[in-house]
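Everything on this sheet refers to the single structure shown next.
The values are calculated or read from the model by the stated rules, or taken from the named source; none is laboratory data. All figures in this text were calculated on a predicted structure; none of them were measured in a lab. Methodologically, a virtual Cβ is constructed for each residue, glycine included, from the backbone with ideal geometry; neighbour enumeration extends over all protein chains shown.
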Amino acid sequence: MHIKALNEFSGSFVSRPFIRGMNDSGTRRTHFALACALALCLAACGRSNTSDTDARHYDVRGIVRGFAPDRATVEIEHETIPEFMPSMTMPFSARNPKEIALLRIGDAIAFRLEVTAKDFSIANVTKIDATEVHLPKGAAASLPASASEGPQRLKEGDALPAFNLTIEAGEKITVETLRGHPTVVTFIFTRCPMPNFCPLISKKFAELQSTIKSARGATAETRLLSITIDPQFDTPAVLTQYAQHENADSNIWKFATGEPAQIDELTKAFAVYRQTEGGTISHGLTTALISPAGKVAKLWRGNGWTVDEVVRAVQDLKNRPK
């Protein structure tokens, strides 16, 4: 039930990025520490033997920022959750929908967050005084009012905007690099801890990679590109560690980062809503199929798309005008 609600509502995440800036003598030590931290995070995200009875629980406070059209989920900007994740804004489903039915945008609330290997939800939702919620300074002012607002979205049939990114191997990748192959593009960040979001998208990309390897025709020519929305933390070195964890074949699946301004342009075009005012990063979930000619052939919002849907969309490209 919770997964279905989240599939239908591509809410936003907001996280405080790690601060860049280290001297030359500390570079190697810092990269090693980041690699170790990432390895631990990836190991936790990759566990498959955790059952729903092994749920983790966190007591959290936050501010209501929006609702899904059917109010099945509530968008909450919450405080940093120690030893789990930084302050973010994202959609939550409630185990008891009545607990969020009378909430209004701007309400301060406390709740219990439950995270399993496959899902997450909230319970014990109560209103509290706003002074009890401690958010990053300036974060609230930078958030979109809802996931439906923001810059003009790319539409199917539009040309992919120009970009110049760096993949995990340190090489450059541009729109021209993608020409000649169908390419599935998505947006993630490596520190994402929620099973229904970036980890799920990367799992689906891994399944796509397996399908591509065993396919023929247009499907066999398909390429995958995951673009980080957290360029301050997700350096090429970090993305290399992430790619190895996902068993990514660099001939098929690449991970890219870039200058913050470049990432901002792309996330605005795909309505992923990355924002850096107040030290926050905001994003939704968007996956796109780009034609060999560099045009947006198909867009999927949220995390509800399937590998079969993508394969069918790739196969349909041959019947479309160039």
Exercise for the section: Tally the residues that are surrounded by fewer than 21 Cβ atoms within 10 Å (Cβ to Cβ) and either farther than 22 Å from GLU265 by Cβ or outside the structural domain of GLU309 (by TED's automatic domain parsing) (or both), restricting the search to the range 168-190. Expected result: 3
Practice task
Identify the residue in the range 159-215 that is among the basic types (Lys, Arg) and not in a loop (DSSP other than H, G, I, E, B) and, among all such residues, is farthest from LEU239 (Cα to Cα).
Solution key: LYS213
Problem - Residues located in the range 244-263, provided they are closer than 14 Å to CYS198 by Cβ and either part of a helix (DSSP H, G or I) or over 18 Å from the mean Cα position of the chain (by Cα) (or both) - result: HIS245
Problem - Search result, residues across the range 284-306 that are touching a residue at least 40 places away in the same chain (Cβ under 8 Å), of a type in the set (A, V, I, L, M, F, W, C) and crowded, with 17+ Cβ neighbours inside 10 Å - result: LEU285, ALA288, LEU289, ILE290, VAL296, ALA297, LEU299, TRP305
Completion exercise
The one condition GLU114 fails out of (1) over 19 Å from the mean Cα position of the chain (by Cα); (2) closer than 19 Å to CYS198 by Cα; (3) without any contact (Cβ under 8 Å) to a residue 40 or more places away in the chain is (3)
Practice task
Evaluate the range 193-201: report whether one residue or more is of a type in the set (Val, Ile, Thr) and over 15 Å from ALA248 (Cα atoms).
Solution key: no
Handout entry: Residue, surrounded by the most Cβ atoms within 10 Å (Cβ to Cβ), within the range 97-127, restricted to residues that are of a type in the set (S, T, N, Q) and farther than 16 Å from PHE84 by Cα
Key = ASN124
Exercise for the section: Could you look through the range 220-234, keep only residues that are surrounded by 18 or more Cβ atoms within 10 Å (Cβ to Cβ) and either modelled with pLDDT of 95 or more or of a type in the set (Gly, Ala, Ser) (or both), and pick out the one that is farthest from CYS198 (Cα to Cα)? Expected result: THR222
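Which strands (runs of 3 or more DSSP E) does the range 51-128 wholly contain that include 3 or more residues that are at pLDDT below 90?
Correct list: 56-67, 73-78, 88-93.
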